[in-house]
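Engineer: Here you go, one structure.
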Amino acid sequence: MTTLENDRRRFLKRAGTSLLLAGCGCAIGLPVRPAHAVQSCAAQTRESQAAMTPEAALQLLKDGNARFVEGKLLSCDLMEQVRSTGTGQHPFAALVGCIDSRASNELIFDQGIGDIFSARVAGNFVNDDMLGSLEFACAAAGAKLVLVVGHTECGAVKGACDDVVLGNLTQTLANIKPAVAAVSGFESDRSSKNADFVQAVADKNVELTIERIRLRSLILRKMAEKGDIALAGAMYDVHTGRATFM
Ligand SMILES: [Zn+2]
């Protein structure tokens, strides 16, 4: 890709976010653009990140998952993005996801090098280390959104439902137990054999993880209250590839 083409793409990315901030893409003489930032293959810059609102950041991830589902990926030159981000990164969002091999955040939201922070642990919960990572992502590195991404058929959630005991995993699964306890009903079968129960726990786990971020990170709570960042959740379906935003 030529330098000129890169500049053009960067301009288009900035123009898109600027128009979002202006609230209207209908200025006389300008082409009408979508009412939200449009993602291109150009790496995020300090300017594009600064111009992005939390709502626009969330929309980029919604759009990215729609491209993924429709098979219309951006198909970017990743090495070009490596060259563009080698001296600095300006990701627009921080995602908390599971380690599941089917739920790679960059793939399922069609994001490239330098676009998102990706914090992953079995069961997509947060502990002090995850919270510290998210505080770095938002307060130090400028990300505008924290998205907690759960997924269907989660082995960690199933393990928590079944009270699995296995080395260090026992303690890991303890972080999901509050979600198991918080789901009422399903008295006939509260094990991993009950798919509806497992999914109810997965949904509750995303909800409680967002709540835990608010409760245990003063920095992120204040940023959210000021509107500097948004906290949101999503459930990824490993059968369809679709993320449902909560
Ligand atoms: Zn999982």
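Nothing in this text is a laboratory measurement; each read-out follows from the coordinates by a stated rule. This one's a predicted model, so the numbers in the text were calculated from it and none came from an experiment. Using ideal geometry, Cβ is built from the backbone for each residue, glycine included, and neighbour counts are taken over all protein chains shown.
Engineer: Putting +1 on Lys and Arg Cβ atoms and -1 on Asp and Glu Cβ atoms, find which of C76, G233, L173 reaches farthest to the positive end of the dipole of the chain.
Structural biologist: Going by the charge dipole, the pick is C76.
Engineer: Another one. Of the listed pairs K144/K193; K158/K222; K62/K177; K62/K204; K62/K222, which have alpha-carbon separations greater than 27 Å here?
Structural biologist: Details: K144/K193 38 Å; K158/K222 34 Å; K62/K177 29 Å; K62/K204 21 Å; K62/K222 25 Å.
From the list (K144/K193; K158/K222; K62/K177; K62/K204; K62/K222), the Cα-Cα distance tops 27 Å for K144/K193; K158/K222; K62/K177.
Engineer: If the viscosity is 1.567 mPa s and the temperature 4 °C, what Stokes-Einstein diffusion coefficient in µm²/s follows for region 60-198 when Rh is the Kirkwood radius over Cα pairs? It would help to have the intermediate numbers written out before the result.
Structural biologist: On the way: Rh = 16.7 Å.
Translational D for this selection: 77 µm²/s.
Engineer: Reachable aspartates and glutamates from K72, Cα under 17 Å, same-chain residues fewer than 8 places away excluded?
Structural biologist: D63, E106, D110
Engineer: While we're looking at this one, here's another question. Can you list residues from other chains, or at least 5 along the same chain, whose modelled amide H is less than 5 Å from the amide H of V148?
Structural biologist: Counting only residues 5 or more places away or on other chains, the set is V96, A232, G233, A234.
Engineer: Continuing with the same structure: Given Cα pairs under 8 Å that are at least 6 residues apart, what percent is the relative contact order of the chain?
Structural biologist: Numbers: 419 pairs, mean separation 45.9, N = 246.
Averaging sequence separation for qualifying contacts and normalising by length gives 19 percent for the chain.
Engineer: Can I ask one more? Write down the percent of antiparallel bridges among all DSSP beta bridges whose residues are both part of region 3-245, to the nearest 5. All intermediate terms of the calculation are to be shown ahead of the outcome.
Structural biologist: Values: 3 of 18 bridges.
In region 3-245, DSSP labels about 15 percent of beta bridges as antiparallel.
Engineer: In deg cm²/dmol, rounded to 500, what helix-only [θ] at 222 nm does the chain give when every DSSP H run of at least 4 residues adds -39500 (n - 2.57) and the total is split over its residues? List each step's numbers first, then the result.
Structural biologist: Values: 11 runs with 113 residues, N = 246.
Here the helix-only value at 222 nm equals -13500 deg cm²/dmol.
Engineer: Pulled fully out, how much extra length does the chain show between V164 and A66, if you take 0.36 nm times their separation in residues and subtract their Cα-Cα distance?
Structural biologist: Values: separation 98, 0.36 × 98 = 35.28 nm, distance 3.54 nm.
Additional length available on full extension: 31.7 nm.
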